[in-house]
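*Asks:* Dropping the structure in here first, questions after.
The values are calculated or read from the model by the stated rules, or taken from the named source; none is laboratory data. Not measured: the values here are computed from a predicted model. Ideal geometry is used to build each Cβ from the backbone, glycine not excepted, and the neighbour counts take in all protein chains shown. The protein model used for the area step is the full one, side chains on, heavy atoms only, and it has no ligands, DNA or RNA in it. Shrake-Rupley method; radii C 1.70, N 1.55, O 1.52, S 1.80 Å.
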Amino acid sequence: MKLFTLRFIKDLVLSFVFIVLYYVLTHNSITYPTPRIYNGVWSIEKLQYPLVMRLAGHNYLALRNDKGEIVSELHGLATDEVTNTWKYIGTGNNEYLKVWEFDTSIFDATKNVLPGVVLSTGDEMIMRTLWGKGVLCKEKINEKNIPYPAFGISMYETKNSNAVAYTLSKCMGLESKHIGIIVPGEETDLLEE
């Protein structure tokens, strides 16, 4: 029995090509940009926590101070309607989409370099004013009690964390730039009737 048959070599080459293509697709600065940290100025960033082998992700907004530290984050998360507690991944059973504000990085984005883009930079007062507009929209989104789709994906209009990041960016008057490969809900405005 021959070890290196033609079929084995073909399968080996195809596997190698697939691995290289996957790596290039999921590890490049076009689909997964790294946000530039501006020392001396405050910034609002759209970050993504990669999911499903980096093919999809959870988008959210972060406010950084002039030292590059995250001082606040806004996340759209599946929230249990009975206990009112958030979950990293929603199953769609008795859950709704709720915007949560955290005063620290829940994914430790300070230590881990997550893909993202800077949406705006400026002094503290300007950035906190823009952030405040997002917080006001947070309340409007939460009042809607939007059902959370199972695993954040719907066959129709997806309303998930990516839609929250998009909507909050619009509320702040900022352009919501694209991050990642598969981003369901990215251009869904949750406040548009």
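*Asks:* How many residues, within segment 132-171, are of a type in the set (A, V, I, L, M, F, W, C) and more than 19 Å from GLU73 (Cβ to Cβ)? Full working, then the answer.
*Replies:* Of all residues in segment 132-171, those of a type in the set (A, V, I, L, M, F, W, C) come to 135-137, 141, 146, 150-151, 153, 155, 163-165, 168, 171.
Right, trim to more than 19 Å from GLU73 (Cβ to Cβ) and you get 146, 150-151, 153, 155.
Here the count works out to 5.
*Asks:* Checking GLU192 against (1) closer than 21 Å to GLU73 by Cβ; (2) part of a loop (DSSP other than H, G, I, E, B), which single condition isn't satisfied?
*Replies:* (1)
*Asks:* Does LEU21 meet the test of being out of contact with any strand residue (DSSP E or B) (no Cβ under 6 Å at 6 or more places or on another chain), at pLDDT 75 or above and either surrounded by 18 or more Cβ atoms within 10 Å (Cβ to Cβ) or not in a loop (DSSP other than H, G, I, E, B) (or both)?
*Replies:* Values: out of contact with any strand residue (DSSP E or B) (no Cβ under 6 Å at 6 or more places or on another chain): yes; at pLDDT 75 or above: no; either surrounded by 18 or more Cβ atoms within 10 Å (Cβ to Cβ) or not in a loop (DSSP other than H, G, I, E, B) (or both): yes.
The answer is no for LEU21.
*Asks:* Pairs needed: first member in segment 125-153, surrounded by 13 or more Cβ atoms within 10 Å (Cβ to Cβ); second member anywhere, of a type in the set (Asp, Glu) and outside any helix (DSSP H, G or I); C-beta distance under 6 Å; at least 6 residues apart or different chains.
*Replies:* TYR148/GLU95
*Asks:* Mind checking which residues of segment 123-168 are over 19 Å from the mean Cα position of the chain (by Cα), assigned to a loop (DSSP other than H, G, I, E, B) and of a type outside the set (S, T, N, Q)?
*Replies:* ASP123, LYS144, MET155, TYR156
*Asks:* Search segment 81-99 for residues being surrounded by 17 or more Cβ atoms within 10 Å (Cβ to Cβ) and more than 10 Å from SER161 (Cβ to Cβ), and hand back the single one that is modelled with the highest pLDDT.
*Replies:* Taking segment 81-99 first, the residues surrounded by 17 or more Cβ atoms within 10 Å (Cβ to Cβ) are 86, 90, 95-99.
Adding the requirement that they be more than 10 Å from SER161 (Cβ to Cβ) leaves 86, 95-96, 98.
Numbers: TRP86: 83, GLU95: 88, TYR96: 89, LYS98: 92.
Within segment 81-99, the match that is modelled with the highest pLDDT is LYS98.
*Asks:* Need the failing condition index for SER169 against (1) over 27 Å from ASN39 (Cα atoms); (2) open to solvent by less than 90 Å² (accessible area, probe 1.4 Å), just the number.
*Replies:* (1)
*Asks:* Quick check on my filter: what residues within segment 35-54 are modelled with pLDDT of 85 or more and open to solvent by 40 Å² or more (accessible area, probe 1.4 Å)?
*Replies:* First pass over segment 35-54, keeping only residues modelled with pLDDT of 85 or more: 40-48.
Of everything in segment 35-54, those that are modelled with pLDDT of 85 or more and open to solvent by 40 Å² or more (accessible area, probe 1.4 Å) turn out to be GLY40, VAL41.
*Asks:* A further question on this structure: Condition first: β-branched (Val, Ile, Thr) and surrounded by 15 or more Cβ atoms within 10 Å (Cβ to Cβ). Now tell me which residues in segment 172-192 satisfy that.
*Replies:* Of all residues in segment 172-192, those β-branched (Val, Ile, Thr) come to 179, 181-183, 188.
Matches in segment 172-192: ILE179, ILE181, VAL183, THR188.
*Asks:* Still on this structure, please answer the following. Looking at GLY68, GLY57 in this structure, which one is at pLDDT 80 or above, open to solvent by less than 50 Å² (accessible area, probe 1.4 Å) and part of a loop (DSSP other than H, G, I, E, B)? Walk me through it before giving the result.
*Replies:* Details: GLY57 fails: part of a loop (DSSP other than H, G, I, E, B).
Among GLY68, GLY57, only GLY68 is at pLDDT 80 or above, open to solvent by less than 50 Å² (accessible area, probe 1.4 Å) and part of a loop (DSSP other than H, G, I, E, B).
*Asks:* A further question on this structure: Name the single residue, out of those in segment 100-117 being modelled with pLDDT under 80, open to solvent by 20 Å² or more (accessible area, probe 1.4 Å) and of a type outside the set (S, T, N, Q), that is farthest from ASN162 (Cα to Cα).
*Replies:* Among those residues, the one meeting the criterion is LYS111.
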